[in-house]
1. Output the residue which, of all residues in segment 331-346 that are closer than 25 Å to Ser21 by Cα and over 17 Å from the mean Cα position of the chain (by Cα), is modelled with the highest pLDDT.
2. Among the listed residues Ala166, Ala84, Ala145, Ala160, identify the single one that is closer than 30 Å to Lys73 by Cβ, buried (at least 17 other Cβ atoms within 10 Å of the Cβ) and within 18 Å of the chain's Cα centre (by Cα).
3. Filter segment 169-180 down to residues that are closer than 23 Å to Val56 by Cβ and crowded, with 24+ Cβ neighbours inside 10 Å, then give me how many there are.
4. Do the conditions hold for Ala353, that is, is it of a type in the set (Gly, Ala, Ser), away from ligand 1 (no atom under 16 Å from the Cβ) and either over 14 Å from the mean Cα position of the chain (by Cα) or in a helix (DSSP H, G or I) (or both)?
5. Suppose we keep only residues that are more than 16 Å from ligand 2 (Cβ to nearest atom) and polar (S, T, N, Q) within segment 220-274. Which one would you say is farthest from the chain's Cα centre (by Cα)?
6. On the basis of being in contact (Cβ under 8 Å) with a residue 12 or more places away in the chain, surrounded by fewer than 16 Cβ atoms within 10 Å (Cβ to Cβ) and not assigned by TED's automatic domain parsing to the domain that holds Gln294, does Arg67 make the cut?
7. Which residue is nearest to ligand 1 (Cβ to nearest atom), if the candidates are limited to segment 166-189 and must be of a type in the set (A, V, I, L, M) and touching a strand residue (DSSP E or B) at 6+ places or on another chain (Cβ under 8 Å)?
8. So, in segment 190-216, how many residues would count as being modelled with pLDDT of 90 or more and more than 16 Å from ligand 1 (Cβ to nearest atom)?
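The values are calculated or read from the model by the stated rules, or taken from the named source; none is laboratory data. All values reported here derive from a predicted model rather than from experimental measurement. Backbone-built Cβ (ideal geometry, glycine too); neighbour counts: all protein chains shown.
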Amino acid sequence: MPSGFLPRRAKTFVGLDIGTSRIKMVELAVHPESVELVRAAVEPTPPESLVEGRIVNPAAVAGAIKRAIAAGKFRAGDVFAAVAGQGVVVRHAKFPNMPAEELRQAMQWEAQKYIPFPVEQATLDFTVLPTEGDQQTTEVMLVAAKSELIESHLQTMELAGLTPVAIDVQPFTMLRALRHKRPGVPESELRDDDAVTAYLDVGAGTTDIVIAKGELVKFTRIVPIGGAMFTKAIAERLGVGFDEAERIKIERSRLYRRGEEMDADDVPVSEAMSEVAASLALEIRRSIDYHDMQPVSASGGDVKSVILAGGGAALRGLDAYIGDEVGLPTEMSDPLKGIIVNPRIASKWDVQASSPMLAVGIGLALREVVD
Ligand SMILES: Nc1ncnc2c1ncn2[C@@H]1O[C@H](COP(=O)(O)OP(=O)(O)OP(=O)(O)O)[C@@H](O)[C@H]1O
Ligand SMILES: [Mg+2]
């Protein structure tokens, strides 16, 4: 039967990013020539319900997801989610060339060397990376997550009435959103495949660092510094509670560059934030230096620029500060590049302004589109 007369419904995908401070949910409709953001919601995560990436209070988080579903008018159904935090590790390892099945076995035996928790309690996955030059060895990227962490996510989504169809690892998801590969963005506007770039997701609890050449991941690290640490520093300095400090940070704080003269009124808050920013920038610098020290066959070359995502990156002045300290051009990401924002959403909130926070959710919803 010819189906050409029937309007074909676009395929839609939902990405759910359960962060330590905010739950982000997005739905993308994929048309042949374009991608459209059709639903979006951000909802606070109940305090202390995630510990190192594990959901310790599934019922409370499921409640918050349900509020996000209601606020964004999502339908219950399939979702893509991602895990992150200290219970997730990504390691690069080299093995002598061997057949795929042997490699899989070798990974099981060798994995413990690379991960900081018992391998029996971990869920493992690995990808063979294409190597440049050296043909004697196989480079493998090993991803391990504590199984209890994955289970806590599955349980929470089920309690919220959702059906998890895949669980990704956040750092890779961010890369998918920030490289701009999707219908609607011409090849020429993709992030340059030859340039090595450091992508940062500054969350509340952690900053995920991914260094990649095109879509090839060269280095990943999760640093336990994020937006909440800035808030805590303000709270301690001013002797106020966390919520009040969070409000001050978002509404009227500013991070000054090193050596820049501060407005007298800004001094206590900006000084408190500078200490946190200095340790974050140091960890970023160390990661980039470590990457750049590796032979070019492994590193792909030196990092040329830094791209920021995550809610924590919205801190006024953080981009300039990191740019100075790291000594590389640093800019805010645009995960919505080439994506049409449905007018229903656009009329309600400035989704473009919050888009760096939506990077992981967008990357998840693009999972079936880009890979
Ligand atoms: N305008 C703003 N200025 C400064 N900080 C902001 C702003 N908006 C959000 N934040 C901070 O961003 C953080 C939340 O960002 P995000 O939602 O990306 O984190 P998360 O995903 O919940 O955390 P994690 O990834 O560590 O689990 C909070 O620390 C919040 O204070
Ligand atoms: Mg996050």
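1. Residue satisfying both the conditions and the ranking: Val341.
2. Values: Ala166 fails: buried (at least 17 other Cβ atoms within 10 Å of the Cβ); Ala145 fails: closer than 30 Å to Lys73 by Cβ; Ala160 fails: within 18 Å of the chain's Cα centre (by Cα).
Every option except Ala84 fails the conditions.
3. Just the residues of segment 169-180 that are closer than 23 Å to Val56 by Cβ, to begin with: 169-171, 173.
Retained after the next criterion (residues that are crowded, with 24+ Cβ neighbours inside 10 Å): 170-171, 173.
Counting residues in segment 169-180 that are closer than 23 Å to Val56 by Cβ and crowded, with 24+ Cβ neighbours inside 10 Å gives 3.
4. So Ala353 fails the test.
5. The residue in question is Ser270.
6. Values: in contact (Cβ under 8 Å) with a residue 12 or more places away in the chain: yes; surrounded by fewer than 16 Cβ atoms within 10 Å (Cβ to Cβ): yes; not assigned by TED's automatic domain parsing to the domain that holds Gln294: yes.
Yes; evaluated as a whole, the condition is true for this residue.
7. Met174
8. Pass one, segment 190-216, residues modelled with pLDDT of 90 or more: 195-214.
When the remaining residues are screened for being more than 16 Å from ligand 1 (Cβ to nearest atom), the result is 195-198, 211-214.
Of the residues in that region, 8 qualify.
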